[in-house]
Amino acid sequence: MDDPNKRSSHISKTPTLGGVAFFYTLIFALFFIKDRDVFDESMYLMPGLVILFFIGLKDDLTVLTPGAKLISQIFAITFVLVNDSFIIESLNGFLNIYEIPYFLYLAIAGFLMLTIINSYNLIDGIDGLASIVGIVIMIIYTTIFYLSGEYFFALISITMNACLMAFFGFNISSDKKIFMGDTGSLIVGFIISVLTLKFLALKPESYEGLPFLLENAPLIAISILIVPLFDTARVFAIRIANKKGPFSPDRNHVHHVLIDFWGLTHKQASFIIGCFNLMFVVLFIILGSKAKNLGMVIMLVSVVILLGYVFFRYNYNFSALKQKIRLKRKMESLKGNTDSSKKKQKTNN
């Protein structure tokens with residue numbers, strides 16, 4: 001059970017092991033689809049899933065340090081990086097980069113997977129958000145891998161999507177609420193990182209059925225992951241600016257801003273962020289069908305700067321934020337008492 005604290009968005013004890021179902025479902029599905037893989041990818045995914053399952057479970061029961069989780073993630077992604085199916089040999093002309101040495105691939109791919117896993121873990125802060133963002137990402141990757149003929153990865157995407165859709169109903173429920181916990185967020189982040197790496201490792205002939213230029217693939221990948229990547233970069237920048245560790249807890253995430261400053265509910269904030277993610281991907285796929293990558297890079301940077309300005313203009317000092325929240329609640333309480341007094345006076349009259 002997750003006990004609420006001063007940073008929590010929930011007010012009562014809530015079960016936090018929803019991610020256990022993700023693990024068993026994925027292992028069960030891999031048993032049936034393992035014959036569809038070409039490089040025995042399923043046998044390399046299972047050890048990584050097992051490692052992250054036990055680490056996430058341990059963290060949900062007794063909190064682990066960020067260093068311990070990072071070491072376990074490195075072990076988990078090592079099994080993926082050594083598989084030939086995920087080797088990125090070229091960026092196919094993106095920023096005039098063609099050939100990539102193997103050692104550079106290991107460094108870039110390792111950093112990419114760690115970033116995605118932790119970014120997804122960090123956005124799991126309000127009801128429905130991680131589910132909606134994950135569903136959007138899985139829908140896009142299912143379509144990409146189906147059109148490119150990579151049916152093994154399309155089936156993994158569908159399986160993960162089914163898990164998230166089933167979980168979503170419970171996560172937003174008022175009387176049957178559960179959280180995916182670190183068990184779930186680490187597993188989903190791991191699968192997303194694997195799918196992203198495979199997408200970037202596709203051979204040129206696999207892109208023939210896709211609706212965007214081959215050289216724009218890295219930008220399409222960034223657009224698919226824009227929500228967790230932008231939120232993580234922004235939060236880390238704020239924490240470092242406030243002279244805190246990048247993994248120190250606070251309520252500086254985009255979803256917290258939408259709730260605490262703009263007064264949205266969990267469902268409203270999750271829906272808005274999910275729609276933004278989907279529209280951003282669709283826009284970049286449309287642009288990626290004709291535009292050169294330099295122009296798309298300029299556009300991506302411009303959007304990030306604009307979003308950064310919109311969200312940085314607030315005061316994100318944690319103590320100041322707590323004071324604003326307390327003041328808001330106090331005003332609501334006083335307003336409620338005033339309304340009650342007026343009703344009593346009317347009844348007496």
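The values are calculated or read from the model by the stated rules, or taken from the named source; none is laboratory data. The structure presented is a predicted model; accordingly, all values stated were derived computationally and were not measured. We place every Cβ from the backbone using ideal geometry, glycine too, and count neighbours over all the protein chains shown. Protein only, heavy atoms only, side chains kept; ligands, DNA and RNA dropped before computing areas. Shrake-Rupley method; radii C 1.70, N 1.55, O 1.52, S 1.80 Å.
Some values worked out for this structure:
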| item | result |
| --- | --- |
| Single residue of segment 47-79 satisfying the filter (open to solvent by less than 40 Å² (accessible area, probe 1.4 Å) and of a type in the set (S, T, N, Q)) that is nearest to the chain's Cα centre (by Cα) | Q73 |
| Residues of segment 138-156 satisfying the condition of being surrounded by fewer than 24 Cβ atoms within 10 Å (Cβ to Cβ), touching a Ser or Thr at 6+ places or on another chain (Cβ under 6 Å) and under 25 Å from D231 (Cβ atoms) | T142 |
| Unique residue being open to solvent by 50 Å² or more (accessible area, probe 1.4 Å), at pLDDT 90 or above and within 23 Å of S131 (Cβ to Cβ) when the list is I226, I222 | I222 |
| Residue list for segment 259-277, filter: surrounded by fewer than 19 Cβ atoms within 10 Å (Cβ to Cβ) and under 19 Å from the mean Cα position of the chain (by Cα) | K267, Q268, F271, I272, C275, F276 |
| Wholly within segment 143-260, helices (runs of 4 or more DSSP H) carrying at least 1 residues that are without any contact (Cβ under 8 Å) to a residue 24 or more places away in the chain | 151-171, 226-241, 254-260 |
| Leading residue by the ranking (least open to solvent (accessible area, probe 1.4 Å)) among those in segment 81-137 that are outside any helix (DSSP H, G or I) and charged (D, E, K, R) | D127 |
